[in-house]
Amino acid sequence: MDCHKCLLRFWGFERLSERYREFFSSLVNDPQEEDDLFGLFRDEKLLGGMRLIDYNMKLLSTKAKVGGIGCVAVDLVHKKEKVAKGLIEFACKYFKENGMSMVTLYPFRADFYKNMGFGYGVEMRQYKIEPKYFPKGPSKEHIEFLKEDDKDAIINCYNRVLEKNNGMMEKTEPCLKRLFRND
């Protein structure tokens with residue numbers, strides 16, 4: 001038996017049970033995606049968890065299925081026990097078994113994941129415009145906040161950019177919902 005299976009059997013890795021689902025959902029603050037949550041257990045005690053996400057990525061001239069790892073969390077008491085390593089190894093195996101040859105994540109510490117075989121990608125950018133940079137005019141009636149009703153226009157704009165840029169991910173429905181909940 002290889003180490004991966006030994007590790008998983010020893011830790012008792014399984015899909016989050018109902019009694020832990022609420023706890024972990026509150027950690028990641030996104031309960032509508034709770035079916036994507038996985039937990040790592042020892043003796044029925046939750047040691048850590050993560051979210052696994054299916055993405056479609058623009059890869060050269062085609063779309064490729066890509067696995068995404070998010071919200072990796074380890075109970076403070078169980079740090080330095082290779083819980084995060086077990087989570088990441090499980091995720092990579094899970095995605096490979098589901099036909100995805102690439103896995104992405106947004107690391108809290110890039111060197112930590114580099115030691116597990118992940119490489120560095122391009123930097124992510126978020127643009128924020130201060131109101132003082134809006135063009136001056138006689139009124140502000142042409143300026144408004146986007147609402148969830150504008151979702152289709154936003155996704156159409158994003159998809160036009162996605163089609164011209166290698167490596168971009170298609171937006172998921174939960175991602176779009178978060179956009180309008182984020183103040």
_Taking 0.36 nm per residue of sequence separation and subtracting the Cα-Cα distance, how much length would be gained by fully extending the chain between LYS164 and TYR94, in nm to one decimal?_
22.2 nm
*asked:* Report the Cα-based extents of the range 67-108 along its three principal axes, largest first, to the nearest Å.
replied: 35, 18, 10
_For a quick size check, give me the Cα extents of the range 125-164 along its three principal axes, largest first, whole Å._
37, 25, 14
*Straight-line reach from LYS164: which lysines have Cα under 24 Å away, leaving out those fewer than 8 places along the same chain?*
LYS58, LYS63, LYS65, LYS128, LYS151
*Take the Cβ-Cβ distance between ASN156 and ILE129 as r, set R0 to 30 Å, and report the resulting FRET efficiency rounded to the nearest 0.05.*
0.90
*How big is the range 140-183 by Rg and Dmax over its Cα atoms, in Å?*
12.2, 37
*Could the peptides 169-176, 147-154, 135-142 be put in order, highest first, of the mean number of other beta-carbon atoms found within 10 Å of their residues?*
169-176, 147-154, 135-142
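Eigenvalues of the Cα gyration tensor times 5, then square-rooted: what semi-axes does that give for the range 26-183, in whole angstrom, largest first?
On the way: eigenvalues 236, 81, 48 Å².
They are 34, 20, 16 Å, listed from largest to smallest.
Coordinate-derived values only; no laboratory data. None of these values were measured; they are calculated from a predicted model. Cβ atoms come from the backbone with ideal geometry, glycine included; neighbour counts cover every protein chain shown.
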